[in-house]
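The values are calculated or read from the model by the stated rules, or taken from the named source; none is laboratory data. Quick caveat: nothing in here was measured; it's all calculated off a predicted structure. Here the Cβ positions follow ideal geometry from the backbone for every residue, glycine too, while neighbour counts run over all protein chains shown. These accessible areas exclude ligands, DNA and RNA; they are computed on the full protein's heavy atoms, side chains included. Shrake-Rupley method; radii C 1.70, N 1.55, O 1.52, S 1.80 Å.
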Amino acid sequence: MTTSDVLAAPGAASDTPEAAPGARQLWRRLRAQRAALAGVAVIVLLVLVALAAPLLAALEGQDPDAYHASAVDSALGGVPVGSFGGVSADHWLGVEPGTGRDLFARLVYGARISLGIGLAATVVQVVLGVAVGLAAGLGNRFLDNLLSRTTDVMLALPTLVFAIALLAIVPAGFPRPVLLVLVLGLLGWGGTSRIVRAQTLSLKSLDYVAAARLGGAGRWRIARRELLPSLAAPVVTYSALLVPSNIASEAGLSFLGIGVKPPTPSWGQMLSSATTWYQADPTYVLLPAGLIFVTVLAFTALGDGVRTALDPRAGTRLRAVARGRKGARP
Amino acid sequence: MSHLSVTPRRLAAAAVVLAITGGAAACGPEDSGAKAAGGKPAKGGTLYVLNQSPQEDFDPARLYTSGGGNVPGLVFRTLTTRNRENGADGSKVVPDLATDTGTPNKDATVWTYHLKDGLKYEDGSAITTADIKYGIERSFAAELSGGAPYLRDWLTGGKEYQGPYKDKGGLASIETPDAKTIVFHLNKPEGDFPLLATQTSFAPVPKAKDTGTKYENHPVSSGPYKVVANENDGEHLVLERNTHWDAKTDEERKAYPDRIDVRSGLDAAVINQRLSSGSGKDAAAVTTDTNLTAAELAKITGDKELAGRVGTGHFGYTDYISFNPKVKPFDDPKVRQAISYAVDRSTVVNALGGSSLAEPATTFLPAQESFGYTPYDAFPAGKSGDAAKAKELLKEAGYPKGLTVTLTHDSSGGDEQGPEVATALQDALKKAGITVKLEGLESSAYSEKIHGVKTEPGFFLAGWGADWPSGGPFLAPIFDGRQIVQDGYNFNNAQLDDPAVNKEIDEINKLTDLKAAAVRWGALDKKIGEQALTVPLVHPVYKRLYGKDVKNVVISDWTGVLDVAQVSVK
């Protein structure tokens, strides 16, 4: 996206204020980008669906875990009865082959797992990454070396393989969604940490930070009052890009059968059991695959938009373009 | 399931096979009129076998086979073998190298066999009973582990014998008074001995040709084919005609193709895809280890030509819920009965691929006469469970508000003891007020846990198949109190040690009339079934594709799968 999208964006903010960085300005700049806006709309819709999952399932009159033996043709290997995977007034998006469980109910409940784990894992990654990055940037040489090398190791770890190993050894009693958040979170903070450290090092030598230090401010205060606000932009940008990757990781782990446990519905798990059905019941494959695709795309578009909006140079371009267009108008 | 339903199913299976033969003849491009009139199988050509698992063991001592095995049965002849016929006839035992299925003494502890005339190895030398004795002795050697445990348990002195490499004296309980006679002395009566004599450990091995663990690279053939190539530890096998095999001495194996090419290491989906498209050599291909999955079957059923190339078989197997009455609350028969009433067999059947891949089971024994199948339904759950009756029993047991239990299962998807069946049961029991928590374990951890007396959970999924079609190997390991293994793999999961049951097992083992024994096994199954120690769920059905040019498909109830020795590709 970027330039071409920006060029295509109609009704770009006409009066971009020069100062006042923050959420309001970010939103104003995001609004100028059609793809990012579409991403935001899709995400809001998905979050609403996830939150209202019990309500939506109740509206349809279905339970995500209830079996419907009559909705599938047992003699045909359990193919849903009816066209498009058994779409009917009772089952809006059809039923799962073999079990006859309602797909609409399972998909809306599955949104809770996908989004919930994706977002929660991102929070863990960002909190850990910022903490480690700041400590490395502000600490003495020994601490910096120790934390930086640890970060290098975390970045070099083959995350998927490690996650599989971790998920396999944890006792079965541990709540699975929490475990997934922890595994993804604990393995994925390396990138944030490295960015935060680099940013901290460059900010540390700036005059206003030196002034604060001369004024007697401690490390903690400097980190909190002087550095964190300036770190917000890169961190927000990076985490917006982490969310889709976490959603995809959850789907991948569930696809491999080590994600959430049955009967909890998850998109990745549905996609996994759907793979054998792609010829006999294509609808069953397309639904979870389509949802994962749309969700990841929406978060990626938003992440890209946030990056463009927070990039000082891109911001200038954005304003220039907006003015140029305005100027060109008769 | 009523008794009546069995016969029509068999007939249906036979009808399918007939239709297949007719169909194949009608659509084969090179079919002449003569072939179409009955699709007569003819000699010649190469049969291709597409498999997932390589034939890593090709040593008769190391093979654990039922009825002599499929591909191994082409190379190894045994004293007796399975009857190579369709359906129930195929679960009979018939002579192979021997002239009959064995002559027992009065109490079935001594069995005598005589060899046919004119039996030869691939090099033309004569097969003697001393070679059969030597072959059996090899199966006791620790170096050649992997075979079935029965001979060790049954032969007098079998427990102590270390195999011919360590113990040059040999096994005294096998006598070979002359080159054509062999006598077995057992430590207890075993009317099933002729069925055991089908296993490849009864194949002759010439002592002079024995190369120990390397013997499997080139086992000396006594059957219609010999091994000409064995690449990558059984990944690719090429078998060609054994010219010294005489069809007059072998009424069982048809051996139509001149050459058999076994390729393994393939993915299940790839095998079924290749068999269904059947291009080139794949038209003359079969598989001996890959079943059709529900999704594949759903697609194939819509295609008449493909549907005509599906072989259906019934191997004696039962998938069931197992209880450990030593764990609360399963010590209370009422709780076990409540669960028996609450199960919904229709959703379990669907979880395992629908009604064409699984049949609901209410008996522990498979629904086959040879096992002694006696229909009963001790706790009639109907088609989809009797939640009301279950609730009533729970109330009597002191759980008016229902209860919460943990169901242990294998966590690998697609497994018969896997999460699909577990979640189906979870949903069914919910209706009866039983909250089921699922404990899914990785395959080996699951297997270890349920087969250890000390680690065994109270409520779990299990499955059992027999080594030969008889009630003995089906019931004894599961319900004989003397077979409870304290350290190691225990299959008596209910840990039942009932003197009456143990005594009846001993009594039936003395019978050499297999039909009379079968009736008694059936009655015993019914009696044990009333204790609700297990909840039989389903008997699986096998469906496998075969290539366009493949004729004379024979599927016995012994193996439930296509017999590779009978097919023709011409």
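Of the helices (runs of 4 or more DSSP H) lying entirely inside segment A:115-189, the ones with 3 or more residues being surrounded by fewer than 16 Cβ atoms within 10 Å (Cβ to Cβ) and assigned by TED's automatic domain parsing to the domain that holds A:Val296 are found at A:141-156, A:159-169. Filtered by the rule that a residue be within 10 Å of chain A (Cβ to nearest Cβ) and without any contact (Cβ under 8 Å) to a residue 24 or more places away in the chain, segment B:429-465 gives B:Lys430, B:Ala445.
Can we say B:Ala268 is at pLDDT below 95, closer than 28 Å to B:Pro540 by Cα, open to solvent by less than 20 Å² (accessible area, probe 1.4 Å) and within 14 Å of chain A (Cβ to nearest Cβ)?
Details: at pLDDT below 95: yes; closer than 28 Å to B:Pro540 by Cα: yes; open to solvent by less than 20 Å² (accessible area, probe 1.4 Å): no; within 14 Å of chain A (Cβ to nearest Cβ): yes.
It is false that B:Ala268 is at pLDDT below 95, closer than 28 Å to B:Pro540 by Cα, open to solvent by less than 20 Å² (accessible area, probe 1.4 Å) and within 14 Å of chain A (Cβ to nearest Cβ).
A single member of B:Leu425, B:Leu407 is under 26 Å from B:Tyr317 (Cβ atoms), crowded, with 20+ Cβ neighbours inside 10 Å, modelled with pLDDT of 95 or more and in contact with a Phe, Trp or Tyr (Cβ under 6 Å, 6 or more places away or on another chain), and it is B:Leu407.
Specify which of the listed residues (A:Val260, A:Val196, A:Val235) is within 30 Å of A:Arg101 (Cβ to Cβ), open to solvent by less than 60 Å² (accessible area, probe 1.4 Å), out of contact with any strand residue (DSSP E or B) (no Cβ under 6 Å at 6 or more places or on another chain) and among the β-branched types (Val, Ile, Thr).
Values: A:Val196 fails: within 30 Å of A:Arg101 (Cβ to Cβ); A:Val235 fails: within 30 Å of A:Arg101 (Cβ to Cβ).
Only one candidate qualifies: A:Val260.
Taking the criterion of being surrounded by fewer than 20 Cβ atoms within 10 Å (Cβ to Cβ) and facing chain A (nearest Cβ under 9 Å), the only residue of segment B:347-376 that qualifies is B:Ser355. State yes or no: is B:Thr176 among the β-branched types (Val, Ile, Thr) and either open to solvent by 20 Å² or more (accessible area, probe 1.4 Å) or on the phi > 0 side of the Ramachandran plot (or both)? In short, yes. A residue that is farther than 18 Å from B:Ala532 by Cβ, within 14 Å of another protein chain (Cβ to nearest Cβ), within 32 Å of the chain's Cα centre (by Cα) and open to solvent by less than 10 Å² (accessible area, probe 1.4 Å) cannot be found anywhere in segment B:377-385. For segment A:195-283, which fully contained helices (runs of 4 or more DSSP H) count at least 1 residues that are farther than 26 Å from A:Gly86 by Cα and away from chain B (no Cβ under 14 Å)? Correct list: A:207-214, A:228-255.
Scanning segment B:275-316 for residues being more than 14 Å from chain A (Cβ to nearest Cβ), among the small types (Gly, Ala, Ser) and not in a helix (DSSP H, G or I) gives a total of 7.
Rundown of residues vs (1) more than 30 Å from A:Ala163 (Cα to Cα); (2) within 14 Å of chain B (Cβ to nearest Cβ), yes/no style:
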residue	(1), (2)
A:Val79	yes, yes
A:Gly85	yes, yes
A:Gly94	yes, no
A:Asp102	yes, yes
A:Leu107	no, no
A:Val123	no, no
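For segment B:470-516, the set of residues classified as part of a helix (DSSP H, G or I), closer than 24 Å to B:Ile450 by Cα and of a type in the set (S, T, N, Q) consists of B:Gln483, B:Asn502, listed by residue number.
Of all the residues in segment A:216-272, those that are within 21 Å of the chain's Cα centre (by Cα), of a type in the set (Phe, Trp, Tyr) and modelled with pLDDT under 85 number 1.
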